[in-house]
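The structure under discussion appears below in the form of structure tokens.
The values are calculated or read from the model by the stated rules, or taken from the named source; none is laboratory data. This is a predicted model, so every value here is computed, not measured. Methodologically, a virtual Cβ is constructed for each residue, glycine included, from the backbone with ideal geometry; neighbour enumeration extends over all protein chains shown. These area figures cover heavy atoms from the full protein model, side chains too; ligands, DNA and RNA do not enter into them. Shrake-Rupley method; radii C 1.70, N 1.55, O 1.52, S 1.80 Å.
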Amino acid sequence: MAGIGVRLNRIFEKKSVLSSMIGFAYSTIATVAPMVLVILNIVLMGWVLKLNQTTYLEREVFFCTVLYIFIFALLTTAPFNAVSSKYMQDAIFEERYQDILPCYYLGLMLNIVLSCLLGIPFCLWEHFVGEVSVFYVFVGFCGYISLVFVFYSMIYLSICKDYQKISFYFLLGMLASFLLAVVLWRFFYWEATISILFSLMAGFFLIAVMEFATIKRYFMRNSNRYKHVMRYYGKWWQLMAANFLYILGLYIHNFVFWTSEMRIVVVESFVCNQPYDMATCIAMFTNISATVIFIARIEMHFHEKYRAYSEAVIGGKRADIENTQRRMFRQINNELMSLVRIQFIISVVVYLLCIVFLPEFGLGGMVMRIYPCMAAGYFILFLMYAAILFLYYYNDLAGAVLTTFCFCGVTFLGSIVAMHMSEIWYGLGVLLGAFAGWTIAYGRLRRVERNLERNIFCKGLLLKRGSGKKPASMVYQKSDGRQKGTKKWKREAS
């Protein structure tokens, strides 16, 4: 998210209540505004089109379709987004702008292929076994692919620091989606569920087209170096694994509880667990402000310390390097502790509001019994994600993979155990998994601090690596010239 720090510093330097509110609003727009716009649009369309008056089966099929679209679009794009982001950053740093389009096209193709490998068999099952209409299945599949396109293209616009443009595209797409849903329902007499689903698909496709047009406008040349991009994917496989394991860990506990006795099977295709899934959603929104706070603070404070250390390494004295290194890691500790303090206050306030007001809207009972432990788990989870981002800063990809692997594994095993406990402990898997991941990530950060000089100054190679026949191990042989000369003189004398 490099690039928003300068603007945030200009906003917050006035040190007033209004400037603080403006700064927080700007941070929100740059981080979570697209997700909020989509959710608000779905809620508003459901209210205007009277979704609650449709049959129970129609509503469940619609909600499960939207749920699956978002979850599996995130999962299929996760392995490629992180590596594509790094490749684009390297290409911009080296001014190889013509290499960005090959990365974009190849990554998009891999994303679409993986998404189709998962989506097409499910859609066939949904139609032939679940007996859902072909049109409904096709619209859901198109919405899924369009959202994959959107998530993938967002990475490139984020690297170009076009956060406001991303939010603006989502605003236009969701506005067009809302208007289209009203038209289809009011004037063409489509059912509410298919009107909303078709309109969401059209809105996602519109966002994807606008993002693609912006990328094409920024990068017009194409070097066609696709083999170089493939080798890059192989080189940074750890980054792919870490990002995929983190996204998988976010939903693996839901998958576990989808196998419990509380699960609901819709048209013999979709599986969900409504109380658990709803508690998960509320817990995530309880702590979602941690993302906004962390990104804002890291751009305003830590990035400056990190840049000062990098400049000292390039041309500074030893004392400058040591001083900037101490300031940089002191800033890391300050940012993590500030995030804990601020987010704890926000989470407690939001938690109390949810406990008081959500039962008035029908979200009580089992949902509120699952929610407390789940909220605590997501509080630690967002702290763990902040530590993972710091590991990315110092290129500790092994630490990031270890962190996300333990997070995903402990969450999976903990959820299996929690499934057989009382309802209040259903979120124990997320809590234990997040805590295990946070512990490992923090330990790796301390390891990076102790060995930073070795990693910075001892990573170079004296000889350039290459492929070919291995040279001989003997590089020098001392010859006894005096002995050879004596033997030659004796032969001539005889």
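Observations on the model:
- Euclidean distance of C-alpha centroids, the range 315-358 and the range 226-250, integer Å: 28
- Charge tally in the Cβ shell below 13 Å around C64, where Lys, Arg are +1 and Asp, Glu are -1, C64 excluded: -3
- The range 117-248 - Rg and Dmax from Cα coordinates, angstrom: 18.2, 54
- Other residues within the sphere of radius under 15 Å centred on the Cβ of I264, judged by their own Cβ, net out at -3 (K and R +1, D and E -1).
- Apportionment of accessible area to carbon and sulfur, the chain, percent (1.4 Å): 66
- Tensor-based shape of the range 80-191 (alpha-carbon gyration tensor, a/c under 1.5 rounded, otherwise prolate or oblate): oblate
- K470-R221 FRET efficiency (beta carbon distance; Förster radius 30 Å; 0.05 resolution): 0.15
- Å² of accessible area per residue within the range 172-295, as computed with a 1.4 Å probe and no ligands counted: 46
- Tensor-based shape of the range 374-475 (alpha-carbon gyration tensor, a/c under 1.5 rounded, otherwise prolate or oblate): prolate
- In a DSSP loop and with at most 13 other Cβ atoms within 10 Å, the GluC sites (Glu not before Pro) in the range 225-306 are E261, E268.
- The range 206-268: trypsin sites (Lys or Arg not before Pro) in DSSP loop, at most 15 other beta carbons within 10 Å: R221, R263
- For the chain, complete DSSP H runs whose alpha carbons reach 15 Å or more along their own long axis and whose mean Kyte-Doolittle score is 1.6 or higher are 33-48, 134-159, 366-393, 397-418.
- Nitroxide proxy distance, nm - points 7 Å out along Cα→Cβ at I264 and K235: 4.9
- Taking only the C-alpha atoms of the range 118-176, the Rg (one decimal) and the largest Cα-Cα distance, Dmax (whole number), read 15.5, 46 Å.
- Relative packing of 359-369, 274-284, 144-154, 416-426, which averages over residues the other C-beta atoms within 10 Å, highest first: 144-154, 274-284, 416-426, 359-369
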